[in-house]
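To keep things clear, I will list the structure first and then write my remarks on it.
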Amino acid sequence: MSYGNLSKNFNVREFSCKCCGLTIIEPRLVKLLQQLRDLYNIPMQVNCSTRCYEHNEKIGSNENSLHLCGWAADVTFIGHPMHEFDKSLKKLHDEWQWGGLGTYAAKNFAHFDVGRIRTWEG
Ligand SMILES: [Zn+2]
């Protein structure tokens, strides 16, 4: 069991840009992820949070992406396929209204952000 240096289960490095290490920490996002982590009690891997402009462009994301300001994270529940969480995440989003929820069942991750309240499927 490892413990985070940012919150109970998350580390600062997990939120860094994969190409250059740029790290923008948005406390509301960290709080949300930790709340989800506590609720499900399943380890979560942050695949991608902060992105610098170059990295964001390289992977073909749009220029308004909330990853650019560290307000978004793409997350996988370790050892569990995303479709297991589809319904419950949408229900939670209805209750908590944290911002954006994008579920990507085929790619096995969910996008969480603390921007406008909306949901979509990828
Ligand atoms: Zn970068």
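What follows draws every value from the coordinates through simple rules; no lab data is involved. The structure displayed is predicted, hence computed values, not measured ones. Because the Cβ atoms are built from the backbone with ideal geometry, glycine has one as well, and the counts that use them run over all protein chains shown.
For this structure, a couple of remarks:
- The residues CYS20, CYS69, CYS48, when put in order of fewest to most other Cβ atoms within 10 Å, stand as CYS20, CYS69, CYS48.
- Alpha-carbon centroid distance for the pair the stretch 32-79 / the stretch 92-121, whole angstrom: 11 Å
- Spin-label zone in the stretch 103-118 - amide nitrogen under 17 Å from a point set 7 Å from the Cα of GLN97 along the C-beta vector: 113-118
- Amide proton proximity set for GLY99, modelled H, under 5 Å, gap of 5+: ARG118
- Database remark: amide H of MET44 closer than 5 angstrom to the amide H of ILE78 (H placed geometrically; neighbours at sequence offset of 5 or more, or on other chains; Pro and chain starts carry no H).
- Each Lys and Arg adds +1 at its Cβ and each Asp and Glu adds -1 at its Cβ; summed about the Cα centre, the chain shows a dipole of about 160 debye.
- Evaluating 6.51 cos²θ - 1.76 cosθ + 1.60 at θ = phi - 60° for every residue in the stretch 41-50, the Karplus couplings come out as 6, 10, x, 10, 10, 7, 6, 6, 10, 4 Hz, glycine and proline recorded as x.
- Three-way shape call for the stretch 53-122 based on the alpha-carbon gyration tensor, with the a/c threshold at 1.5: oblate
- Label-point gap, in nm, between GLU57 and ASP86 - each point 7 angstrom along Cα→Cβ: 3.6 nm
- For the stretch 12-121: relative contact order, % (alpha-carbon pairs under 8 angstrom, 6 or more apart): 24 percent
- Qualifying GluC sites (Glu not before Pro) in the stretch 1-74, DSSP loop, other Cβ atoms within 10 Å at most 10: GLU63
- Computed from the C-alpha gyration tensor, the three semi-axes of the ellipsoid equivalent to the chain are 20, 17, 14 Å, from longest to shortest.
- Per-residue Cβ neighbour counts within 10 Å put THR50, THR23 in the sequence THR23, THR50, beginning with the fewest.
- Label-point separation in nm, ALA106 to ASN9, each point 7 Å along Cα→Cβ: 2.8 nm
- The stretch 62-119: trypsin sites (Lys or Arg not before Pro) falling in loop per DSSP and having at most 13 other Cβ within 10 Å: LYS107, ARG116
- Computed from backbone phi, the HN-Hα couplings of the stretch 96-102 come to 8, 6, 7, x, x, 9, x Hz, rounded to whole numbers (Karplus: 6.51 cos²θ - 1.76 cosθ + 1.60, θ = phi - 60°; Gly and Pro given as x).
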